[in-house]
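One structure is given here, and the rest of the page talks about it.
Every number in this text was worked out from the coordinates using simple rules, so none of it is lab data. Just so we're clear, the structure is a prediction, and the values are computed from it rather than from any experiment. Don't worry about glycine lacking a Cβ; one is built from the backbone with ideal geometry, like all the others, and counts go over all protein chains shown.
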Amino acid sequence: MSATIPPILLAALADGGDLITAARCRELGVSADRIERLLRSGALTALAKGIYAERRIVAGLSEWPAFRLRTRAFVMASPPNTHASDWSAVALHELPTRPEPPAVPSVIRLGSRGSGSNRTLHGRTRFAAVADRWLTEVDGTATLRPSFAAVDLARGCDRRMGLMLADGAATRDGSREELARAERDMAAWPGIQLARWAVANSDPDVESPLESAGRYAFLRAGLPPGVCNIWVGDGYPRFRLDHYWAEHRLAAEADGIDKYGLTDPMEAVRAEKQREWQLQEWGIRVVRYTWNTAFLTPDVLAGRIATMMRVEPLPADRPVQTWLRREGFAVRGMTLPVVRWSDPPPPLRRSHSPGDADQTRAAGGRMSGSARL
């Protein structure tokens, strides 16, 4: 059906990131009647009032990329001083997401005398006063900054999801400072106590929602969450550990789906065995966990860590040196990796345990573990 779209419109759609406005169609000499026929034929689809996309393109997107496109369309169709918020801001910034996006995008409209919110077929609009420092753009789309969006959402979601969002924003900013500032600016907003917990426990060195889920399991059980992505070595930073408790010489590793996807699988397994053997020579025990363990049985994961904390550390020939995440990369002459938080996790295998079923319903972060050194 897309063959019926005039080439001039296809070119304009490509230039506009797969979106075009009714006003731009008129500028190109495409009449409203022609647009209506394209909509009826299924060649175009309306993602917001007066904002169109090629239906074939939209149909080929998975849920969150499609939601991101609808968010851009809704902001384009909204009045000035309108910024993507809530999960729409999360989608634009590629922060951790829950399994499915909301039914419609969300925006905050500034400078309005209105209060509360309203919802239409294409999106939901909230009215709120937000300081200019929290406003930004992503690929030309007005949105709230990651820290503000994370704290805003953490006021109303479960603690694990709130921690994932806060960790994602802290990693993006390189510190907790912006999260703390956003929390102060929302001090009078409902639910801010829940967000405060996420901000207080966030860590800018976390590199995936799976690591956040592990940290949540430890915090939930009253355990220290350990130091994230610390380097260990004998005179030189050799290996990076997802979680490390130096006093116990204990590490925990989040085994995400992409952890070994950057090289030959057999070679990756051999390298991992060599890595673990070297860690044991240094007296470091390693506990591994997966998405299923972290999301469906967090108490089991925490129990394993608590058990290992109670046993005697492995003997070691010499002390192991440590470097914080950024220090280790600097010593090795490497730049910090670009952390992608929005890749989907593998399907979780649901347990038949009633307690695990409750935990499954709360699961919501996305991304596999990053490639390890």
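What to note about this one:
- A Förster radius of 22 Å combined with the Cβ-Cβ distance from Leu135 to Glu27 puts the calculated FRET efficiency at roughly 0.20.
- For semi-axes √(5λ) of the Cα gyration tensor in Å, calculated from these coordinates, the label among (1) 43, 23, 19; (2) 53, 28, 18; (3) 31, 23, 22: (1)
- With R₀ fixed at 30 Å, the C-beta to C-beta distance from Trp277 to Thr307 puts the FRET efficiency at about 0.85.
- GNM flexibility winner over the chain from Ala252, Ala213, Ala268 (Cα, springs under 10 Å): Ala268
- Put a plus charge on the Cβ of each Lys and Arg, a minus charge on the Cβ of each Asp and Glu, and nothing anywhere else: the dipole of the stretch 117-270 about its Cα centre is then about 680 debye.
- Net length gained if the chain between Asp15 and Leu39 were fully extended (0.36 nm per residue, minus Cα distance): 6.6 nm
- Of Val75, Val227, Val138, the one that fluctuates the most in a GNM where the chain has Cα springs shorter than 10 Å: Val138
- Here the calculated FRET efficiency for Gln193 and Arg220, from their Cβ-Cβ distance with R0 = 25 Å, stands at 0.90, rounded to the nearest 0.05.
- For the chain, size of Cβ-based charge dipole, Lys and Arg +1, Asp and Glu -1, in debye: 900 debye
- A crude spin-label estimate for the pair Val300 and Arg340, with each label 7 Å from Cα along the Cβ direction, gives 2.9 nm.
- A simple spin-label model places the labels of Glu247 and Ile8 7.3 nm from each other, with each point 7 Å out along Cα-to-Cβ.
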